[in-house]
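**Q** Once you've had a glance at the structure underneath, I'll fire off some questions.
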Amino acid sequence: TSLRLVSGESRTVLWDGQGVPVVSISTIQTTPPLTYPPLVDLVVESGVRRLRIVTPPATPAGEYTLNITGRDPGGRLHSATIHLTVDAVTVPASATGRPPVILLNGFQVICTDNGSAVSDSTGTFGQLASLLQSDGAAVLFFNNCAYGDISIEQLASQLNTYIANLRNTDGTAVAQVD
């Protein structure tokens with residue numbers, strides 16, 4: 001299976017197991033290795049078990065291979081390989097000249113959603129993103145939950161990397177964010 005995501009995006013894909021009912025994930029290996037690899041878990045959508053893949057927001061753009069091993073109800077191991085292309089986050093130009101706004105949720109003990117697409121921000125921020133967008137601001141969402149259980153210092157480092165790598169759609173660096 002091949003999948004293309006923007007850093008911070010999440011998507012579900014069918015487990016490529018020829019109808020094998022995988023009930024748990026045993027191992028996930030990312031090549032090349034990442035300090036903060038994509039999160040992979042099982043979800044059920046419309047009665048079908050799927051893999052949900054979440055790329056943390058500061059994931060470097062590039063080509064990756066995810067080797068995933070899971071167990072069926074009898075405990076037998078099954079594997080799947082996903083070829084993942086991660087694209088950098090780009091910021092559309094603001095008609096008003098406003099710097100982009102990054103919505104940043106607080107440090108959380110229990111996370112219920114890992115996605116960092118702007119549409120994923122509604123659980124924490126309600127309609128704030130759409131209100132800012134209607135006011136002419138480009139909006140981004142840096143979801144701390146996409147990193148799992150890491151320290152506040154590690155999150156700060158990832159946020160720094162995320163901001164430093166933001167590019168406008170024309171390829172120039174984003175000079176300022178709110």
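**Q** Between ASP170 and LEU155, what is the label-to-label distance in nm when each label sits 7 Å out along the Cα-to-Cβ direction?
**A** 3.5 nm
**Q** Can I ask one more? Quick one: 3J(HN,Hα) in Hz for the stretch 114-124, Karplus 6.51/-1.76/1.60 with θ = phi - 60°, rounded, Gly and Pro as x.
**A** 9, x, 10, 6, 4, 5, 6, 6, 5, x, 9
**Q** Further question: Kirkwood Rh, Cα Rg: Rg to Rh for the stretch 52-133?
**A** So for the stretch 52-133, dividing Rg by the Kirkwood Rh gives 1.09.
**Q** Please compute one quarter of the surface area of the Cα convex hull for the stretch 114-178 and express it in square nanometres. Let's see the in-between values first.
**A** Working: hull surface 20.0 nm².
Result: a mean projected hull area of 5.0 nm².
**Q** Now for a separate question. Over the chain, what is the relative contact order in percent, taking alpha-carbon pairs closer than 8 angstrom and at least six residues apart?
**A** Once normalised by length, the contact order is 25 percent.
**Q** Taking amide H positions as placed in the peptide plane 1.01 Å from N, state which residues far from LEU140 in sequence (5 or more) or on other chains have amide H under 5 Å from it.
**A** Counting only residues 5 or more places away or on other chains, the set is VAL101, ILE102, LEU103.
**Q** Continuing with the same structure: For the chain, take every pair of Cα atoms, bin their distances at 5 Å starting from 0, and report each bin as a whole percent.
**A** 1, 8, 16, 19, 18, 15, 10, 7, 3, 2, 0, 0
**Q** Return the FRET efficiency for the residue pair ASP41, ASP135: r is the Cβ-Cβ distance, R0 is 45 Å, and the value is rounded to the nearest 0.05.
**A** 0.80
**Q** How high is the FRET efficiency from GLN127 to GLN29, r the C-beta distance, R0 35 Å, rounded to 0.05?
**A** 0.35
**Q** Counting only protein heavy atoms, what percent of the accessible surface of the chain is carbon or sulfur at a 1.4 Å probe?
**A** That share works out to 52 percent.
**Q** Taking the Cα centroid of the stretch 122-178 and of the stretch 16-65, what is the distance between the two, rounded to the nearest whole Å?
**A** If we compute the Cα centre of each part, the gap is 23 Å.
**Q** Counting only DSSP beta bridges with both residues in the chain, what percent are antiparallel, rounded to the nearest 5? Spell out each step's value before the answer.
**A** Details: 30 of 41 bridges.
Approximately 75 percent, going by the DSSP bridge assignments.
**Q** Taking θ = phi - 60°, what integer Hz values does the Karplus form 6.51 cos²θ - 1.76 cosθ + 1.60 yield along the stretch 171-178, in sequence order, with x for Gly and Pro?
**A** Here the 3J(HN,Hα) series is x, 6, 5, 6, 7, 8, 9, 10 Hz.
**Q** For the stretch 85-91, what does the Karplus curve 6.51 cos²θ - 1.76 cosθ + 1.60, with θ = phi - 60°, yield as ³J(HN,Hα) per residue in whole Hz, taken in order and with x for Gly and Pro?
**A** 9, 10, 9, 6, 6, 10, 10
**Q** Placing one identical point scatterer on every Cα of the stretch 91-139 and ignoring solvent, what is log10 I(q)/I(0) from the Debye formula at q = 0.15, 0.17 Å⁻¹?
**A** Result of the Debye calculation: -0.43, -0.53.
**Q** Still on this structure, please answer the following. In Å², and per residue, what accessible area does the stretch 34-178 have when probed at 1.4 Å with the other protein chains present? Present the calculation step by step, with values, prior to reporting the outcome.
**A** Values: 7450 Å² over 145 residues.
Counting only protein heavy atoms, the per-residue value for the stretch 34-178 is 51 Å².
**Q** Identify, among LEU5, SER119, SER26, the residue whose Cα sits farthest towards the positive end of the charge dipole of the chain, taking +1 on the Cβ of Lys and Arg and -1 on the Cβ of Asp and Glu, with the dipole about the Cα centre.
**A** So the residue furthest toward the plus end is SER26.
**Q** Let me ask another. Could you give the angle, 0 to 90 degrees to the nearest 10, between helix 152-164's Cα long axis and the longest principal axis of the Cα atoms of the chain?
**A** So the inclination is approximately 60 degrees.
**Q** Here's another thing I want to ask about it. Select from the stretch 62-160 those chymotrypsin sites (Phe, Trp or Tyr not before Pro) which occupy a DSSP coil region and have at most 16 other Cβ atoms within 10 Å, ordered by residue number.
**A** Answer by residue number: PHE107.
The values are calculated or read from the model by the stated rules, or taken from the named source; none is laboratory data. This structure is a prediction, so every number in the text was calculated from the model and none was measured. Because the Cβ atoms are built from the backbone with ideal geometry, glycine has one as well, and the counts that use them run over all protein chains shown. All accessible areas refer to the heavy atoms of the entire protein, side chains included, with ligands and DNA or RNA removed. Shrake-Rupley method; radii C 1.70, N 1.55, O 1.52, S 1.80 Å.
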